[in-house]
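Here, each number is a calculation from the coordinates, and none is a lab measurement. Bear in mind that the values here come from a model prediction, so they are computed numbers and not experimental data. Cβ sites come from the backbone with ideal geometry, for glycine too, and all protein chains shown count toward neighbours.
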Amino acid sequence: MKYKNFIKEKFAVAGVIEALLLVALVVVILSTIQLIYVPQIMEQRESDHMDEVANQFSHLKSIIEIQSMMGVSGSQESLAFYPMSSPITLGSNRLPYFVSVAAHGKIDIFDQNKVENARISISNAPLADITIPLTSVKFYGYNYYFPKGSPGQEYILEGGGIILKQFDGEIMKVVPAITIEETPPNNLQFNYVIPIFSSFPGKNSTTGYKGDYIYTNYSSHSNYTDTNVAYIQIYTDYLDAWFESLIEDDNGILWNFINNNEISVEKKSDHIEIKPSGKNIDVKFTKIIIEIQTGPGFVLRG
């Protein structure tokens with residue numbers, strides 16, 4: 001009788017276990033990257049994008065101010081009448097090869113025909129109130145990672161000032177072109193160079209995640225002056241930002257005059273009211289009509 005010896009081969013089993021452990025290690029590394037590092041990278045991307053939008057809004061504001069200055073002081077042949085473009089980056093792309101969400105943005109232009117309640121009212125009783133529209137360009141950043149726990153941020157160019165709004169509040173990043181002069185015998189002159197936007201149907205809104213442009217050009221201007229006004233009222237959706245920009249200690253536009261009891265400023269439910277206190281208030285508003293549009297190409301007036 002012949003006997004056969006069977007020897008168990010254990011090397012194959014060890015190789016399978018080793019392969020499974022390597023796969024598990026790769027899965028753990030990828031999971032760690034996905035759960036920890038990808039959100040951090042995307043948060044930084046979205047934060048950098050919003051910083052870029054802030055710089056682009058500052059550039060847009062400076063372009064409008066340059067066109068306004070050239071238009072007011074120039075002739076009909078002034079370059080201010082020609083469209084100038086300001087780039088706006090709408091969003092940021094997703095991270096390749098990993099699960100992530102792309103951010104996208106939207107621009108809306110609220111011109112003098114589209115604004116509803118945003119306005120400045122000036123009263124010189126018993127004369128009728130004068131109303132000036134408070135137009136704006138609004139950027140909505142629909143972010144997923146930044147700021148944390150928030151649907152995103154908004155940048156608003158309103159009345160010549162730049163406002164940042166997010167879930168925990170709002171702030172005026174750049175104040176509008178408002179100055180105060182003391183004029184004899186006992187008056188303060190409230191000077192305001194205010195851009196008023198005029199847009200074109202179908203060219204006042206855009207959305208996406210790539211780059212886009214806002215085209216602006218000077219159209220015309222007019223002055224409104226008045227003396228001994230009863231009040232100036234600012235109606236806006238951003239009361240906190242406007243109010244703080246006016247009264248903030250040392251830095252507020254009207255802080256010195258409030259501190260000297262020459263002007264009173266009060267925030268009410270739907271507007272801010274500026275009234276004379278120790279001195280009379282005169283006003284000089286320079287209203288600059290700025291033609292504005294967004295999207296590819298631009299409209300030429302016939």
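Which net charge results for the neighbourhood of Ser205, defined as the other residues with beta-carbon distances under 14 angstrom from its beta-carbon, given Lys and Arg at +1 and Asp and Glu at -1? Around Ser205, the surrounding residues sum to +1. Residues Asp129, Asp212, ranked from the fewest to the most other C-beta atoms within 10 Å, line up as Asp129, Asp212. When His49, His104 are arranged by Cβ crowding within 10 Å, least crowded first, meaning fewest neighbours, the order is His104, His49.
Relative to a virtual label point 7 Å from the Cα of Ile130 in the Cα→beta-carbon direction, which members of the stretch 183-198 show backbone nitrogen distances below 18 Å? Those under the cut-off are 183, 187-197. Comparing Pro151, Pro184, Pro276 in a Gaussian network model of the chain (Cα springs below 10 Å), the most mobile by mean-square fluctuation is Pro184. Across the chain, Cα pairs under 8 Å and at least six residues apart give a relative contact order of 19 percent.
Over the chain, dividing the summed -39,500 (n - 2.57) contributions of all DSSP H runs of at least 4 residues by the number of residues returns a 222 nm mean residue ellipticity of -8000 deg cm²/dmol.
Label sites at Leu79 and Asn260, each approximated as a point 7 angstrom past Cα along Cα to Cβ, lie 4.0 nm apart. Among the listed pairs Lys148/Lys275; Lys114/Lys267; Lys61/Lys210; Lys148/Lys287; Lys210/Lys287, a Cα-Cα separation exceeding 30 Å is found for Lys148/Lys275; Lys148/Lys287; Lys210/Lys287. Projected label points at Ser121 and Ser220, each 7 Å from Cα along the beta carbon direction, are separated by 2.6 nanometres. Between Tyr97, Tyr140, Tyr192, the residue with the greatest mean-square fluctuation in the GNM of the chain (Cα pairs under 10 Å linked by springs) is Tyr97.
For Glu46, Glu18, Glu52, Glu154, the sequence from fewest to most other C-beta atoms within 10 Å is Glu18, Glu52, Glu154, Glu46. Computed from label points 7 Å out along Cα-Cβ, the spacing between Ile33 and Lys284 is 6.4 nm. Of Ser58, Ser269, Ser86, which is the most mobile in a GNM of the chain whose springs link Cα atoms less than 10 angstrom apart? Residue with maximal mean-square fluctuation among Ser58, Ser269, Ser86: Ser269. Judged by the gyration tensor of its Cα atoms, with axes a ≥ b ≥ c, the stretch 159-206 is oblate; a/c meets the 1.5 cut and b/c is at least as large as a/b.
Using θ = phi - 60° in the Karplus curve 6.51 cos²θ - 1.76 cosθ + 1.60, the 3J(HN,Hα) couplings for the stretch 273-287 round to 10, 10, 10, x, 10, x, 9, 7, 10, 9, 10, 9, 9, 9, 8 Hz; x is entered for Gly and Pro. With a Förster radius of 35 Å applied to the C-beta separation of Glu18 and Ser47, the computed FRET efficiency comes to 0.25.
Candidate cross-link partners of Lys165 among the aspartates and glutamates, defined by an alpha-carbon separation under 14 Å and a same-chain spacing of 8 or more, comprise Asp51, Glu154, Asp237, Asp240, Glu244.
Extension gain for the segment Asp240 to Thr183, taken as residue separation times 0.36 nm less the Cα-Cα distance, is 17.6 nm to one decimal.
Does the stretch 97-219 come out rounded, prolate or oblate, given a ≥ b ≥ c as the square roots of the eigenvalues of its C-alpha gyration tensor, rounded meaning a/c under 1.5 and, failing that, prolate meaning a/b above b/c? Taking the square roots of the gyration eigenvalues as a ≥ b ≥ c, the stretch 97-219 is prolate. In this calculation the C-beta distance from Thr227 to Asn55 is compared with R0 = 35 Å, giving a FRET efficiency of 0.30. The residues neighbouring Ser264, those whose beta-carbon lies less than 10 Å from its own, together hold a net charge of -2 under the Lys/Arg +1, Asp/Glu -1 convention. Diagonalising the gyration tensor over the Cα atoms of the chain and scaling each eigenvalue by 5 before taking the square root yields semi-axes of 58, 24, 14 Å, largest first.
Taking a ≥ b ≥ c as the square roots of the eigenvalues of the alpha-carbon gyration tensor, the stretch 168-255 is classed oblate because a/c is 1.5 or more while a/b is no larger than b/c. Lys and Arg at +1, Asp and Glu at -1: add these up for the other residues within a Cβ distance under 13 Å of Glu181 and post the number. Around Glu181, the charge tally is -1.
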